[in-house]
Amino acid sequence: MKSIAASARIHPLALVEDGAVIGENVVVGPFSHVGPRVVLKDGVELVSHAVVSGRTEIGRNCRIFPMAIIGGVSQSLHEAGEDSTLTVGDNCVMREGVTMNCGTVGGGGKTVVGNNCLFLANSHVAHDCQLGNDIIMSNNVMLAGHVHVADRAILGGGCAVHQFTRIGRQAFIGGLTAVNYDVIPYGMLNGNPGVLGGLNVVGMTRAGIERATIHVVRRAFKQIFEGESNIRANAAAIRNDYADCKEAMEILDFIAADSDRAISSTFRGKG
């Protein structure tokens, strides 16, 4: 049985299946389809011709534009009809043709998107991805399965991210970039294959990070990527020197963490 709030507006040419939960002031536009295990929280709008399926929860005040397919079955070769989920946070915008897939049991069973994220036309979030808050994915961005993207990262149009890759907080990925390896917090990656060109100083400044702190992080960056040893060894060697700089420590902790991928470097190759 459907649970539809009295203030919700369901177009007569839309299909909301039995079992769906529709919150207050939700708008389901014409030719949209809401599956039987979907939850649309208060204020969600499906503009028209949008599909939300699977065990999917859409947070408050999200907008989903025509031809978007949210909560589809994963495209994993190991997909076997598992009972997995997709959860999207509040205030997200999914423009035309955006696709987001539910998780797989082998990858933890859930795909998660945070709050205040913007997904431009035809961008794709694959199974078991974990996305933070305030992320921008430009047109035609492709995330493979199991990708982690941290808060405030920006991904330029047409970039492609390899499975199991991590993208750190406030990283900037240039358009058409091939992201083969992990990208440090505040890093800027461009090219095919992607090359780390430095720090996202503009983004750091906009986030209110002081100029003096940016200079400290730049010094740490140079020691990590231009030091005598490999990236991980260089990072480990300077930890004590940057204990008082939260942003530098964020980069060092990111490098030290376990990962299935190597670290993107300042030359064409992994670090």
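The values are calculated or read from the model by the stated rules, or taken from the named source; none is laboratory data. Computed from a prediction, not measured in an experiment: that's the story for all the values here. Cβ: placed from backbone, ideal geometry, glycine included. Neighbour counts: every protein chain shown.
Residues that are under 20 Å from the mean Cα position of the chain (by Cα), buried (at least 19 other Cβ atoms within 10 Å of the Cβ) and under 17 Å from residue 95 (Cα atoms): does the stretch 21-29 have at least one?
Residues of the stretch 21-29 that are under 20 Å from the mean Cα position of the chain (by Cα), as a first pass: none.
For the stretch 21-29, residues under 20 Å from the mean Cα position of the chain (by Cα), buried (at least 19 other Cβ atoms within 10 Å of the Cβ) and under 17 Å from residue 95 (Cα atoms): absent.
Quick check: anything in the stretch 206-213 assigned to a helix (DSSP H, G or I) and of a type in the set (A, V, I, L, M)?
Just the residues of the stretch 206-213 that are assigned to a helix (DSSP H, G or I), to begin with: 206, 211-213.
Subsequent filtering for residues that are of a type in the set (A, V, I, L, M) retains 212.
Yes, there is a match, as at least one residue in the stretch 206-213 is assigned to a helix (DSSP H, G or I) and of a type in the set (A, V, I, L, M).
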> Got at least one residue in the stretch 36-57 being in contact (Cβ under 8 Å) with a residue 40 or more places away in the chain and under 18 Å from the mean Cα position of the chain (by Cα)?
Replying inline: yes
>> Taking the condition of being assigned to a loop (DSSP other than H, G, I, E, B) and at negative phi, how many residues in the stretch 188-205 meet it?
In response: 4
> Given the conditions (1) at pLDDT 95 or above; (2) in a loop (DSSP other than H, G, I, E, B); (3) not hydrophobic (A, V, I, L, M, F, W, C), which single one is not true for residue 228?
Replying inline: (1)
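Could you pull out the residue among 76, 7, 48 that is within 19 Å of residue 87 (Cβ to Cβ) and not in a strand (DSSP E or B)? If you could, list the steps in order and put the result at the bottom.
On the way: 7 fails: within 19 Å of residue 87 (Cβ to Cβ); 48 fails: within 19 Å of residue 87 (Cβ to Cβ).
76 is the lone residue from the list that is within 19 Å of residue 87 (Cβ to Cβ) and not in a strand (DSSP E or B).
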>> Can you tell me how many residues within the stretch 213-258 are under 26 Å from the mean Cα position of the chain (by Cα), surrounded by 13 or more Cβ atoms within 10 Å (Cβ to Cβ), free of Cβ contacts under 8 Å to residues at least 24 places away in the same chain and over 14 Å from residue 185 (Cα atoms)?
In response: 0
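Of the residues 196, 189, only one is buried (at least 21 other Cβ atoms within 10 Å of the Cβ) and in contact with a helix residue (DSSP H, G or I) (Cβ under 9 Å, 6 or more places away or on another chain); which?
Values: 189 fails: in contact with a helix residue (DSSP H, G or I) (Cβ under 9 Å, 6 or more places away or on another chain).
The match here is 196.
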>> I want to confirm something. Restricting to the stretch 182-212 and keeping residues that are of a type in the set (Gly, Ala, Ser) and touching a residue at least 12 places away in the same chain (Cβ under 8 Å), which single residue is farthest from residue 162 (Cα to Cα)?
In response: 207
